[in-house]
Amino acid sequence: MNSRNERFIYIFLLIFMCLASFGLGFYVYKTSNPKEAKPLPVSDSIVLKARPIIPQDNSIIKTYVGFVEAINQVQIIPYVSGYLQNIAVSAGQIVHNGDLLLTINPDEYNAKLNIAKTAVLQAEASFEYYQNYYNRVLKSGKKAFSETEIDSAKNNFLQSKANLENAKANLNLAEVNLNYTTIKAPISGVIGNFTLSVGDYVSPSSGALLTIVQMSPVRIVFSLTDTEYLALKENSPLLFQNSSIRLKLSNGSIFEYSGTFKYTDNQIDKSTDSLAIYTYFQNDNQLLLPNSYVNVEVNHQFKNTVLIEKELVQLLPDGNFIIVARNNIPQKININILADTGTDYIVENTFQAGDLLILEKLPKIPGGANLHFNIVN
């Protein structure tokens, strides 16, 4: 290789090394210049998810097993004895208070009534005679009658008066017995099954001739545990004051009428720790039959309350709490739980306008940090 070529290669390498050194120096300068270095980000704010606390009316439905009872059920037992002359009703018939049911042959009792009337007439005549005689004796005095005669006249007068009262009482009894030969319905309801026939001999010892069961309204009985009873009494002095009581029938349909709470039993059942509740329901279509079972749905209404998810509530020995942002400052607020819906608590509204319910676990907030809220519905 001649010297000219060697000189050319040397110059080329020198230029290449100069360019490479310049590029490396520029790269180092750009990456190490403190004026262009970007500082690491430092967070000075915390964002929490929260929801406005909006009071509203809430409700909870609880279901109980109820038992259907007839409010009134009457067994018809004859007061007098005799042969049935007439049967005016049939099994399954609807009757109303005062309707004719049965007639016992009244001939014997008509005769006894006539005898009693005759006895009264005789007693009245005797009473009038002895009364007049006694009055004459008193007017004449001891000059005309001896003391023994006066006493005898007085005794006969008083005895005749007693006989008259006794005759009148027997007359009243005869009228009562005659009236009892006609048996009428003492209540409205449905006639049960019976096997009577005209001509049957009946008496008070025969027992019930037939039964009438009142069908509307009917009584539905269900039970509250002692805990449920106490909770209801704490919320309202009057049980079921803000509740509606409905029935679900065996076919799944809802009964057309709402019930009315009437009263509770006067003691807790020791065997079940429960209290019997008595409600009345109209039953015009006779869908509710005595001695059947139904599901009782009690819809408890809680006015001006707040629904809080259970996972947001802290249940502590010294009370129940939730975390609320009040004036943008997280605070632990005591709450009064009114009811448990299964997934949420219904709590009393003791909150202030603008309070936010914090929906996540509260982190440690360093001093000077800005707190922001992501409002969700």
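The values are calculated or read from the model by the stated rules, or taken from the named source; none is laboratory data. The structure presented is a predicted model; accordingly, all values stated were derived computationally and were not measured. All Cβ positions, even for glycine, are placed from backbone atoms using ideal geometry, and neighbour counts span all protein chains on display. The area values use the complete protein model at the heavy-atom level, side chains included, leaving out ligands, DNA and RNA. Shrake-Rupley method; radii C 1.70, N 1.55, O 1.52, S 1.80 Å.
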Checking Ser223, Ser274 in turn, the sole residue that is of a type outside the set (D, E, K, R), in contact with an Asp or Glu (Cβ under 8 Å, 6 or more places away or on another chain) and either touching a residue at least 60 places away in the same chain (Cβ under 8 Å) or within 18 Å of Asp340 (Cα to Cα) (or both) turns out to be Ser223
Residue match in region 206-225 (condition: open to solvent by 80 Å² or more (accessible area, probe 1.4 Å) and out of contact with any strand residue (DSSP E or B) (no Cβ under 9 Å at 6 or more places or on another chain)): no
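Considering only residues that are closer than 17 Å to Ala208 by Cβ and either without any contact (Cβ under 8 Å) to a residue 24 or more places away in the chain or open to solvent by 50 Å² or more (accessible area, probe 1.4 Å) (or both), which ones fall in region 93-126? Spell out how you get there, then give the answer.
Our first condition is that a residue be closer than 17 Å to Ala208 by Cβ; within region 93-126, this holds for 93, 95, 101-102, 104.
Hit for region 93-126 is Gln93, nothing else.
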Which one is nearest to Thr118 (Cα to Cα), of the residues in region 131-164 that are in contact (Cβ under 8 Å) with a residue 12 or more places away in the chain and open to solvent by 70 Å² or more (accessible area, probe 1.4 Å)? Asn163
Only one of (1) surrounded by 13 or more Cβ atoms within 10 Å (Cβ to Cβ); (2) out of contact with any strand residue (DSSP E or B) (no Cβ under 7 Å at 6 or more places or on another chain); (3) β-branched (Val, Ile, Thr) does not apply to Thr182, and that is (2)
Would you be able to say whether some residue in region 344-362 is open to solvent by less than 80 Å² (accessible area, probe 1.4 Å) and under 30 Å from Ser250 (Cα atoms)? yes
Within region 230-263, which residues are more than 9 Å from the chain's Cα centre (by Cα) and open to solvent by less than 60 Å² (accessible area, probe 1.4 Å)? Ala231, Leu232, Ser236, Leu247, Leu249, Gly252, Ser253, Phe255
Name every residue in region 69-92 that is more than 23 Å from Ala174 (Cβ to Cβ), assigned to a strand (DSSP E or B) and either free of Cβ contacts under 8 Å to residues at least 40 places away in the same chain or not acidic (Asp, Glu) (or both), in order of residue number. Ala70, Gln73, Val74, Gln75, Ile87
Every residue from region 319-329 that is farther than 24 Å from Gln301 by Cβ and crowded, with 17+ Cβ neighbours inside 10 Å: Ile323, Val324, Ala325
Any pair with Cβ under 8 angstrom, 6 or more apart, that starts in region 345-356 at a residue that is within 13 Å of Asn304 (Cβ to Cβ) and ends at one that is not in a strand (DSSP E or B): Val347/Asn336; Glu348/Asn336; Asn349/Pro55; Thr350/Asn336; Phe351/Ile53; Phe351/Pro55
It is to be established whether one or more residues within region 95-106 are in a strand (DSSP E or B), more than 15 Å from Asn179 (Cβ to Cβ), hydroxyl-bearing (Ser, Thr, Tyr) and in contact with a strand residue (DSSP E or B) (Cβ under 8 Å, 6 or more places away or on another chain). no
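For every residue, the table says whether it meets (1) modelled with pLDDT of 90 or more; (2) over 30 Å from Val298 (Cα atoms).
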| position | (1), (2) |
| --- | --- |
| Glu36 | no, yes |
| Pro39 | no, yes |
| Pro55 | yes, no |
| Asn58 | yes, no |
| Gln75 | yes, yes |
| Gly98 | yes, yes |
| Leu101 | yes, yes |
| Tyr130 | yes, yes |
| Leu138 | no, yes |
Do you know which of the residues in region 264-273 that are surrounded by fewer than 11 Cβ atoms within 10 Å (Cβ to Cβ) and of a type outside the set (Gly, Ala, Ser) is farthest from Ile71 (Cα to Cα)? Lys270
Report yes if Asp273 is in contact with a helix residue (DSSP H, G or I) (Cβ under 8 Å, 6 or more places away or on another chain) and more than 24 Å from Gly189 (Cα to Cα), otherwise no. yes
Hey, among Asn299, Asn291, which residue is touching a residue at least 24 places away in the same chain (Cβ under 8 Å), open to solvent by less than 80 Å² (accessible area, probe 1.4 Å) and not aliphatic (A, V, I, L, M)? Asn299
